[in-house]
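Okay, so here's the structure we're looking at.
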Amino acid sequence: MYDHKKIEKKWQEYWEKNNTFKAINGDKSKEPYYILVEFPYPSGAGLHVGHVRSYTAQDAMARMKRMQGYNVLYPMGWDAFGAPAEQYAIKNHIHPKEAVKENIKTFKGQMKTLGFSFDWDREFSTTDPEYYKWTQWQFLQFYKHNMAYKATVPVNWCPNCKTVLSNEDAAGGVCERCKTNVVQKEKSQWMLRMSDYAQDLLDGLDDTNFAEKVKLGQINWIGKSTGVEVDIDIVGGGKFSIFTTCIETIYGITFFVIAPDGKLIKELMPRVENKEEVQAYIDETSKKSAMDRTELNKGKTGCIVKGLKAINPVNKKEVPIFLGDFVLGDYGTGAVMAVPSHDQRDFEYAKAHNLDMIQVIDGRDVSDCAFEKQDYLGKGCKLINSEEFDGLTVEEAKKAITEKLVEKNIAREVNNYKMRDWIFSRQRFWGEPIPMINCPKCGWVPMDESDLPLLLPDVAEYEPTDNGESPLAKITNWVNCKCPKCNGDAKRETDTMPNWAGSSWYFLRFMDAHNKNEFASMDSMKYWQKVNWYNGGMEHTARHLLYARFWVQFLYNIGLVPNKEMIDVRVSHGMVLGSNNEKMSKSKGNVINPDDIVNEYGADTLRVYEMFMGDYQQDAPWSVESLKGCKRFIDRIIRLGEKLNDNTGFKNEVLKNKTIKKVEEDLTTLKYNTAVATLMIMLNEYEKYSDGVTKDEFRLLLQLLNPMAPHITEELNEIYKLGNPICESTWPTYDESKVVDSSVNIGVQVNGKVRGTINISIDENEDSIKEKAINDENVKRHIEGKEIVKIIVIKNKIVNIVVK
């Protein structure tokens, strides 16, 4: 039994005193390597075992890379602005900054007891004025380059949090934070022109080494589609446009659908005959989130717009116009063509509203369901009921119809993107103030950069308002100011930035954390180049990572960062589940507090267990038995130290070289569980040695285990005087020529059934192998008195003897 508390504290103090994990900017004697885990929101609950899993995994890589001679940057900080901190503070009747300070202290203490090798000299919080000064400064660059603008737009409103949510934060039609159903409101918001970067964000993925599922998450959220935008005339005057990826079906249009929240219906309202019905439908739609209206929309609700018809541009037929809540006013053109015979949603809508259907692609009956593009594309299907295009294949018709409409100057080939501009305003107190001033004479004016940071006021009341205004709006002595342009009376913007703002560039600040003159110097960023290895939750693939890439690409385009993509590899980890495979939650009573585990078993046991618990990229259930097994593994290593002999060198060169290679490869390819298993195999072999192990053999085991269990390995290394502290030593290397066993045991089959086992050299000739096989005692009994028809040797695998 070892005193893990005493040992772990001792080595944590040693690392801190000796600045063991300090990264040096510009160190040309070593190759830089930047490892990053998503910095956490410091909640009141403290670290959970999910944090421990991802932090230990990257810590193991960081420790190995340092021993391999790299200048490793492995930093940690705090993503502390946003609704969670504000709600925690309201609940506990304290100021958010006090809540954050208290929670950071808890988190940091927990991280230190787990022995993570963070470079704490670079620590910061997004709530530090010295940090958010640069977040505000970067917002001003967006504004000065016409990338930030104010607009009245339909927004996702959480009635519980009393703030606007981005589309990403309202996924599923509910608030990401509190799970309340989101409603739609129109509000004046600051926006960032993120949609301008849609293609760049897609193209930039080629310059990254993100995991494939991470890339796919980005591609799906950006949502590129290539098609044709067509102008549609309205009977009696006026027009609108539709976008389609299925121009081959244009002769099958039997109605159009326009957005209830779009500009078009507002413009047409004076001509509408059923105004009350239309307005009621518009009002009903306003209660639904964008997600309710699209991905979650199972209904066929709609409302005909009486008194108005649209003209099909190819055959000049007049068709009705409907309102449909599945069409969004701020996405695409805000209108769609409806072809019931070839789109299932349109088919169901037409059935519900008793509308005509025209089949224009031959190949299947459409009376029961639509014949859609995934069914007809590439199948040689031909057009029907399409005038001069009858008989053309779908592919031929796509080209021909597009050419005709483009030639008539009523259509254009375009790319469409699902991703929209970033709603950047939040109606809450605890966020970065937006450094803009509204002057009655000059309009919106940016603050002078020399006056940054614009600090939050130190006030007692900061709760969200019921009317949708920011709590800052009530603090008149903060709101009222002078216009930087004309010096007249003006008012500050009272909305704050989203919590994604500070996390969109924090990895750049870690490269040069104490720079008072710029957010990070170009020299520092060029030295570190980019984040080599970034680990985060899969849930942040479409939100944080997309925002961060957009932010960086903008900074690159205005010459402020050296690379268009500042993150190379992005991987994600699985969750730690309860023992019953359910997600951990307080309500289920299955939450595991890492402090309790460290207290009872030690940090090293917890670290090793979380690396051993299963495939790192998959969810894994908590198991007390497996945890105890990892404790026994460490205890066995301690006992092995008591059996050191006076010899040097290695009894088994193959075991040595295979283990080094396997652990090294596993620590760089997320296979932490098999790295631990490989060390367990090495320990098993060592325990078989009747005369104990040499100091070289024991030190090798400790070196390879050190990235995952740094405290006990350092202690044993010191106790037995095996060499310098492991954290200051060189990672062991392997000889590729010695990673293969010189001999192997293979089975011997007689007529397909295994009857014996023989040991052969890996380069043994076939005649010798056959001789050994037929002379195995058990094999002899099964071939005695029988004729050997043939002997088949599969090299180093098996021997099969066929007899009759």
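Values as computed for the structure displayed
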{"quantity": "Whether region 382-501 is rounded, prolate or oblate, judged on the alpha carbon gyration tensor where a/c under 1.5 counts as rounded", "calculated": "prolate"}
{"quantity": "Distant-in-sequence amide H partners of Leu577 (H built 1.01 Å from N, under 5 Å)", "calculated": "Ala620, Trp622"}
{"quantity": "Answer label for Cα Rg over 2.2 N^0.38 Å (calculated), chosen among (1) 1.11; (2) 0.97; (3) 1.20", "calculated": "(3)"}
{"quantity": "Contact order normalised by residue count of the chain, Cα under 8 Å, 6+ apart, percent", "calculated": "14 percent"}
{"quantity": "Sum of side-chain charges, His782 neighbourhood, beta-carbon under 14 Å (Lys, Arg +1; Asp, Glu -1)", "calculated": "+2"}
{"quantity": "Accessible surface, 1.4 Å probe, highest first, among residues Val459, Val278", "calculated": "Val459, Val278"}
{"quantity": "From phi via Karplus (6.51, -1.76, 1.60), per-residue ³J(HN,Hα) for region 69-77 in Hz, x at Gly/Pro", "calculated": "x, 7, 8, 8, 9, 10, x, 8, x"}
{"quantity": "Positive dipole terminus of the chain, leading residue within Ile774, Asn759, Trp622 (C-beta point charges)", "calculated": "Trp622"}
{"quantity": "Global geometry of region 575-635, whether rounded, prolate or oblate, following the gyration tensor of its Cα atoms and the 1.5 cut on a/c", "calculated": "oblate"}
{"quantity": "Local electrostatic count, Pro320, Cβ distance below 9 Å [Lys/Arg +1, Asp/Glu -1]", "calculated": "+1"}
{"quantity": "Under Karplus coefficients 6.51, -1.76 and 1.60, residue-wise ³J(HN,Hα) of region 741-757 in Hz, glycine/proline x", "calculated": "4, 6, 9, 8, 8, 10, x, 10, 9, 10, 6, x, 10, 5, 10, x, 9"}
{"quantity": "Accessible surface, 1.4 Å probe, highest first, among residues Glu13, Glu610, Glu664, Glu784", "calculated": "Glu784, Glu13, Glu664, Glu610"}
{"quantity": "Given charges at Cβ of Lys, Arg, Asp, Glu: the chain dipole, positive-most of Ile660, Leu140, Val228", "calculated": "Ile660"}
{"quantity": "Aspartates and glutamates whose Cα lies under 13 Å from that of Lys382, excluding same-chain neighbours fewer than 8 positions away", "calculated": "Glu248, Asp362, Asp390, Glu395, Glu396"}
{"quantity": "Accessible area of Lys213 in the full protein assembly, 1.4 Å probe (Å², nearest 10)", "calculated": "80 Å²"}
{"quantity": "Debye intensity ratio I(q)/I(0), log10, region 679-804, q values 0.22 Å⁻¹ (C-alpha model)", "calculated": "-1.18"}
{"quantity": "Local electrostatic count, Thr254, Cβ distance below 10 Å [Lys/Arg +1, Asp/Glu -1]", "calculated": "-1"}
{"quantity": "Euclidean distance of C-alpha centroids, region 380-443 and region 590-665, integer Å", "calculated": "55 Å"}
{"quantity": "Exceeding the 24 Å Cα-Cα cut-off - candidates Lys179/Lys288; Lys651/Lys671; Lys224/Lys408; Lys239/Lys275; Lys17/Lys112; Lys6/Lys721", "calculated": "Lys651/Lys671; Lys224/Lys408"}
{"quantity": "Accessible area per residue in Å² at 1.4 Å probe, computed on the chain", "calculated": "44 Å²"}
{"quantity": "Computed accessible area, Asp696, all protein chains, 1.4 angstrom probe, square angstrom", "calculated": "70 Å²"}
{"quantity": "Among Ala198, Thr180, Gly217 the positive-end extreme of the charge dipole of region 171-223 (Cβ point charges)", "calculated": "Thr180"}
{"quantity": "Separation between Cα centres of region 1-51 and region 515-577, rounded to whole Å", "calculated": "21 Å"}
{"quantity": "Dipole magnitude of region 612-718, debye to nearest 20 (Cβ charges: Lys/Arg +1, Asp/Glu -1, about Cα centre)", "calculated": "220 debye"}
{"quantity": "Listed pairs Lys144/Lys185; Lys133/Lys530; Lys474/Lys588; Lys10/Lys101; Lys187/Lys583 exceeding 30 Å between Cα atoms", "calculated": "Lys474/Lys588; Lys187/Lys583"}
{"quantity": "Computed magnitude of the charge dipole of region 37-96 (debye, nearest 20; Cβ of K, R +1, Cβ of D, E -1)", "calculated": "280 debye"}
{"quantity": "Charge dipole (debye, nearest 20) of the chain; +1 at Cβ of Lys and Arg, -1 at Cβ of Asp and Glu", "calculated": "720 debye"}
{"quantity": "Rel. contact order, % - alpha carbon contacts under 8 angstrom, at least six apart, region 606-672", "calculated": "45 percent"}
{"quantity": "Region 615-669: C-alpha gyration tensor shape, a/c 1.5 cut-off, then a/b vs b/c", "calculated": "oblate"}
{"quantity": "Carbon and sulfur %, accessible surface of the chain computed with the full protein complex present, 1.4 Å", "calculated": "48 percent"}
{"quantity": "With DNA, RNA and ligands ignored, accessible area of Lys790 (1.4 Å probe; Å², nearest 10)", "calculated": "110 Å²"}
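The values are calculated or read from the model by the stated rules, or taken from the named source; none is laboratory data. Given the structure is predicted, the values throughout are model-derived calculations rather than measurements. Glycine also receives a Cβ, built like all others from the backbone with ideal geometry; neighbour counts cover every protein chain displayed. Calculation scope for accessible area: heavy atoms of the full protein, side chains included, ligands and nucleic acids excluded. Shrake-Rupley method; radii C 1.70, N 1.55, O 1.52, S 1.80 Å.
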